[in-house]
Amino acid sequence: MALRNEISAALVTTQSDQWFMPEGRLPTILTDTAIEECVRKCDLEGPWADECIKAVQAGARKILMVLILLGKVEVLSEFVDKGRAEDAQLPFELSQLKSIMGGDDATARDFYEKQWSAIPVFFRDNLTHRTHHQRTILPFVGKEETLNEGGFGEVCIVTLARSQHRFPSFSQAAVRKALWNVSLIL
């Protein structure tokens, strides 16, 4: 419970009231010791506990974070058993999660919804046009300011969470263009 509270307290709120884990923060919460204590508390059988601990330490902290928030750490063994305990595989599609969780549709849906908080966008200095899944969390914090509308969209100044980029500028401001969903009737 204390680990869940610590994770929840570390989440940052976006301007659209979504929550995300700041880049680099999770390893300070889910240390190797914290991972081991957490996994051992869920009473997995001897070798399973060891396998789960190794998998998380090798690169599944985000998956464990989501399971902790859901209160379902024991499901970690399903990810390990099916070879899916790797953060690099996030985000999972709902059908994949249903398969991993052996038909536990409620937990699969809950995981699907929560996983996005573990994988917000991180902006690199080689910015190009990118298209994201509609559930992807954009780490815009503070109030956005509309500059102009037209051309099937709107242009705004947004503030990026400091943790979600490595730009060498003094400002956290960026420009965002959001395209409107336009249907043409001919």
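Quick one: count up the residues across segment 71-84 that are in contact (Cβ under 8 Å) with a residue 24 or more places away in the chain and surrounded by 16 or more Cβ atoms within 10 Å (Cβ to Cβ).
8
Being over 30 Å from Thr159 (Cα atoms), buried (at least 18 other Cβ atoms within 10 Å of the Cβ) and modelled with pLDDT of 95 or more is true for just one of Ile119, Ile100, Ile63. Which residue is that?
Working: Ile119 fails: over 30 Å from Thr159 (Cα atoms); Ile63 fails: over 30 Å from Thr159 (Cα atoms).
Of Ile119, Ile100, Ile63, the one residue that is over 30 Å from Thr159 (Cα atoms), buried (at least 18 other Cβ atoms within 10 Å of the Cβ) and modelled with pLDDT of 95 or more is Ile100.
Checking Asp17, Asp87 one by one, the residue that is surrounded by 13 or more Cβ atoms within 10 Å (Cβ to Cβ) and within 27 Å of Val141 (Cα to Cα) is Asp87 and no other.
Could you please find all residues in segment 41-82 being part of a helix (DSSP H, G or I), more than 24 Å from Met21 (Cα to Cα) and not hydrophobic (A, V, I, L, M, F, W, C)? Show your work before the answer.
If we filter segment 41-82 for residues that are part of a helix (DSSP H, G or I), which is where we start, we get 41, 46-59, 61-70, 73-81.
Retained after the next criterion (residues that are more than 24 Å from Met21 (Cα to Cα)): 46-51, 81.
Once the filter is applied, which keeps residues that are part of a helix (DSSP H, G or I), more than 24 Å from Met21 (Cα to Cα) and not hydrophobic (A, V, I, L, M, F, W, C), segment 41-82 yields Gly46, Pro47, Asp50, Glu51, Asp81.
Hey, can you tell me all the residues within segment 1-14 that are in contact with a strand residue (DSSP E or B) (Cβ under 7 Å, 6 or more places away or on another chain) and surrounded by fewer than 12 Cβ atoms within 10 Å (Cβ to Cβ)? Selection gives Thr13 alone.
A search for C-beta distances below 7 Å between a residue of segment 95-122 that is assigned to a loop (DSSP other than H, G, I, E, B) and any residue that is of a type in the set (S, T, N, Q) and surrounded by fewer than 18 Cβ atoms within 10 Å (Cβ to Cβ), counting only pairs 6+ apart in sequence or on different chains, returns Val121/Thr136.
Might you check whether a residue that is among the aromatic types (Phe, Trp, Tyr) and under 14 Å from the mean Cα position of the chain (by Cα) occurs anywhere in segment 19-42? Among the residues of segment 19-42, at least one is among the aromatic types (Phe, Trp, Tyr) and under 14 Å from the mean Cα position of the chain (by Cα), which makes the answer yes. Can you spot a residue in segment 29-38 that is over 14 Å from Leu3 (Cα atoms) and surrounded by fewer than 17 Cβ atoms within 10 Å (Cβ to Cβ)? No, every residue in segment 29-38 fails to be over 14 Å from Leu3 (Cα atoms) and surrounded by fewer than 17 Cβ atoms within 10 Å (Cβ to Cβ).
The values are calculated or read from the model by the stated rules, or taken from the named source; none is laboratory data. What you see is a predicted model; the values in this text were computed from it and never measured. Note that we place each Cβ from the backbone using ideal geometry, even for glycine, and neighbour counts take in every protein chain shown.
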